[in-house]
Amino acid sequence: MAGVVRYGIIGVGMMGREHLINLHHLKDEGVAVVAVADPHGPSQKLAVDLAQSYGWSLKVFSGHREMIDSGLCDVLVVSSPNMTHYEILIDIMNHPRPHHVLVEKPLCTTVAHCREVVDAARKRPDMLVQVGLEYRYMPPVAKLIEVVKGGSLGTVKMMAIREHRFPFLVKVHNWNRFNINTGGTLVEKCCHFFDLMRLFAGSDPVRVMASGAIDVNHRDELYDGKVPDIIDNAYVIVEFENGSRGMLDLCMFAEGSRNEQEIAVVGDIGKGEAFVPESIVRVGTRVGGREGVQTLKAEDNRIKYDGLHHGSSYLEHLNFLHSVKSEGQRAPAVDLHDGLISVAIGVAAQLSIELGRFVTIAEVLS
């Protein structure tokens, strides 16, 4: 694709504006944000003011269909609330004019909707779609992926991901306080980690067991007479086809943590760990023991803006831009099937908590 690649952003709340800032830092790569779509007036104004500070003039739409019809954009970033992704993506897929798409995680809030989007995309080989599972690009995580794929840990047997962090932020109209809108915490937040487990394991998930609850956060909140129903902590076990297992330890009232994410991958030869935001990786072997553990600093000199996700959103955009410019010669790194499976694991985990038993991926995919 020659010339300037024109971007439109659908949904310019906090994350939509974060995408705008990242795209500004890619302006030397031939990028311009030319339009935004959002029904929320205050979000529109914040996006317009931000764009003006970068010298960009935006066309503002209150709805995504008007933006799609405008013909102004080559690439659309979908960063609207989770429950709107399905309708927006189907409208994009069904539009006669092709648009490349970067859609925020989760792909959709239900497996059925994810599958419909995947099916619709098969009919549009003229479009590239990448799912925003950008944790793959965080430098320490990317380094750990490199270590695992390099084989120095041997055959992966166990994966443990701990996310101890702050509660969910306040969003427009408090949409993220309810499972019906988010898909549930283990879909909304944790599809990132299920995607990483699958990547480390090199295998697809078979069944899921989870335990979780609402123990601390949001219990005293009330919106239109309704109390939030999103869980704030959980343990999740995921079993994979090749016999490896992953475990997620999630706590969203653990601000007193040095790292927000700690990831450990153990093979039959060695162990690797990644720490975010310390941005270090530790690698050791059974033979080398404790004294042989190496500490590596994880950095990526391509990052021009760290932002909310430690540079991973910048690298995600850079990667997708290269796919767009390759005109079909380079597939997106994180495709719709990746997005579907990450949601399916989260849905199975949410269902496991509700039913108190293992839930198979076959159950939720059917």
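Observations, loosely collected:
- Matching residues, the range 190-211, being assigned to a loop (DSSP other than H, G, I, E, B) and either at pLDDT below 95 or small (Gly, Ala, Ser) (or both): Gly202, Ser203
- Hey, Asp126 of a type in the set (Asp, Glu) and in a helix (DSSP H, G or I) or not: no
- Cβ pairs under 6 Å, 6+ apart, first in the range 320-336 and free of Cβ contacts under 8 Å to residues at least 60 places away in the same chain, second in a helix (DSSP H, G or I) and buried (at least 17 other Cβ atoms within 10 Å of the Cβ): Arg330/Ser323
- Unique residue being of a type outside the set (Phe, Trp, Tyr), surrounded by fewer than 21 Cβ atoms within 10 Å (Cβ to Cβ) and free of Cβ contacts under 8 Å to residues at least 12 places away in the same chain when the list is Val293, Val266: Val293
- Enumerated helices (runs of 4 or more DSSP H) restricted to the range 265-366, each holding at least 2 residues that are closer than 21 Å to Tyr137 by Cα and in contact with a Cys (Cβ under 7 Å, 6 or more places away or on another chain): 336-355
- Glu291 modelled with pLDDT under 95 and either of a type in the set (Asp, Glu) or in the same structural domain as Phe240 (by TED's automatic domain parsing) (or both): no
- Considering residues of the range 176-207 that are of a type in the set (Val, Ile, Thr) and under 20 Å from the mean Cα position of the chain (by Cα) only, the residue surrounded by the fewest Cβ atoms within 10 Å (Cβ to Cβ): Ile180
For every residue, the table says whether it meets (1) touching a residue at least 12 places away in the same chain (Cβ under 8 Å); (2) crowded, with 20+ Cβ neighbours inside 10 Å.
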site	(1), (2)
Asn94	yes, no
Arg97	yes, no
Thr109	yes, yes
Asp126	yes, no
Tyr137	yes, yes
Gly151	no, no
Thr155	yes, no
Asn174	yes, no
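- Phe168 vs. criteria under 23 Å from Asp268 (Cα atoms), aromatic (Phe, Trp, Tyr) and within 19 Å of the chain's Cα centre (by Cα): no
The values are calculated or read from the model by the stated rules, or taken from the named source; none is laboratory data. All figures in this text were calculated on a predicted structure; none of them were measured in a lab. Note: ideal-geometry Cβ built from the backbone for every residue, glycine included; neighbour counts use all protein chains shown.
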